[in-house]
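Have a look at the structure below, then the notes.
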Amino acid sequence: MKVSATLQQLVDDKLEASGLRKHLKAHGMEAVDSARMADMGFAPRGGIFIPYFDFDGEVTQFFRVRFLEDPPPNGWNATPIKPQRYAQPAGSVNEIYLSPLVPWNELKDDVSVPLVITEGEFKAACACSHDIAAIGLGGAWNFRAAKMCLPFLTQLERIKWRGRQVYVCFDSDAAEKPNVMAAEASLASELLRRGADARIV
């Protein structure tokens, strides 16, 4: 799909900063203009379409978008508001982000391979492109689905944890955000309960 040069530059800059320019095609990420965002039910702001994959590397129905364009002025700019950066389809159940560069169907049963769990698709995809098996979460608490009363996503339950080293590696600002620290601790507890050697990085 053809997008403006300005939006494409924003996308290129984001992917370059995330270390993903060389692996863009493999991850299926693409620029999405404001009109297509609106068609998908999101705010009309250009950004990046982020498809999700299953353990076989096949695209699932779940996806997220990363907004890159600023929201239009609304007449109430006296109070600065941090604009929404990510969105997913309304009513959808969280999924874990699995980079298609990793043979997850084999790895999920091989507890000798350590895993990293991090915040964000871009960081997980970058880690996987450097031979670090990393699972991405759309947000600090997205290892669960509260609306479905799932403390641990069904996808995560498919992974063998007992005896596996797992590193919970969230954003560097976690130390300044009690909510993120609580999410780290909760995720680590779920992993420990399943027999993993879980450590917060």
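The values are calculated or read from the model by the stated rules, or taken from the named source; none is laboratory data. In this text, all values refer to a predicted model and were calculated from it rather than measured experimentally. Backbone-built Cβ (ideal geometry, glycine too); neighbour counts: all protein chains shown. These accessible areas exclude ligands, DNA and RNA; they are computed on the full protein's heavy atoms, side chains included. Shrake-Rupley method; radii C 1.70, N 1.55, O 1.52, S 1.80 Å.
One Cα centroid belongs to segment 109-131, the other to segment 1-44; the line between them spans 23 Å. For the chain, the solvent-accessible area works out to 54 Å² per residue, with a probe of 1.4 Å and every protein chain left in place. Each listed q (0.16 Å⁻¹) maps to a log10 I(q)/I(0) for segment 41-159 from the Debye sum over equal C-alpha point scatterers, namely -0.81.
Give the shape of segment 90-154 as rounded, prolate or oblate, defined through the alpha-carbon gyration tensor: a ≥ b ≥ c are the square roots of its eigenvalues, a/c under 1.5 means rounded, and otherwise the shape is prolate if a/b is larger than b/c and oblate if not. The shape class here is prolate. Counting only residues at least eight positions apart within a chain, or on another chain, the lysines with an alpha carbon under 24 Å from that of Lys2 are Lys14, Lys22, Lys25. For segment 123-201, the normalised intensity computed at q = 0.12, 0.17, 0.21 Å⁻¹ comes to -0.34, -0.70, -1.07 (log10 of I(q)/I(0), Debye sum over alpha carbons, equal scatterers, no solvent). Computed from Cα atoms, the angle from the helix 178-193 axis to the main principal axis of the chain rounds to 30 degrees.
By how many degrees, 0 to 90 and rounded to 10, does the Cα axis of helix 5-17 deviate from the longest principal axis of the chain? Compared with the principal axis, the helix lies near 20 degrees. Between the amide H of Val168 and those of Ile117, Arg199, Ile200, Val201, distances stay under 5 Å, these residues lying 5 or more places away or on another chain, with hydrogens modeled in the peptide plane. Given +1 at the Cβ of Lys and Arg, -1 at the Cβ of Asp and Glu and no other charges, the dipole of segment 1-94 around its Cα centre is 200 debye to the nearest 20.
Sorting Lys25, Lys177 by solvent-accessible area of protein heavy atoms yields Lys25, Lys177, largest first, with a 1.4 Å probe. Residue by residue, segment 142-154 carries 3J(HN,Hα) couplings of 7, 7, 10, 9, 4, 5, 9, 6, 9, x, 8, 4, 4 Hz when phi is fed to the Karplus relation 6.51 cos²θ - 1.76 cosθ + 1.60 (θ = phi - 60°); x denotes Gly or Pro. The lysine pair count for segment 73-201, using Cα distances under 21 Å and pairs eight or more places apart or on different chains, is 4.
How big is the antiparallel share of DSSP beta bridges in the chain, given as a percent to the nearest 5?
Values: 14 of 26 bridges.
Close to 55 percent.
Rounded to the nearest 500, the helix-only mean residue ellipticity at 222 nm of the chain stands at -7500 deg cm²/dmol, with each DSSP H run of n ≥ 4 adding -39,500 (n - 2.57).
Percent of accessible area on the chain owned by carbon and sulfur, 1.4 Å probe?
Numbers: 5810 of 10850 Å².
Heavy-atom surface of the chain belonging to carbon and sulfur, 1.4 Å probe: 54 percent.
Here, P(r) means the percent of Cα pairs in each 5 Å bin from 0 to the largest distance; for the chain it is 1, 7, 14, 19, 19, 17, 11, 6, 3, 1, 0, 0.
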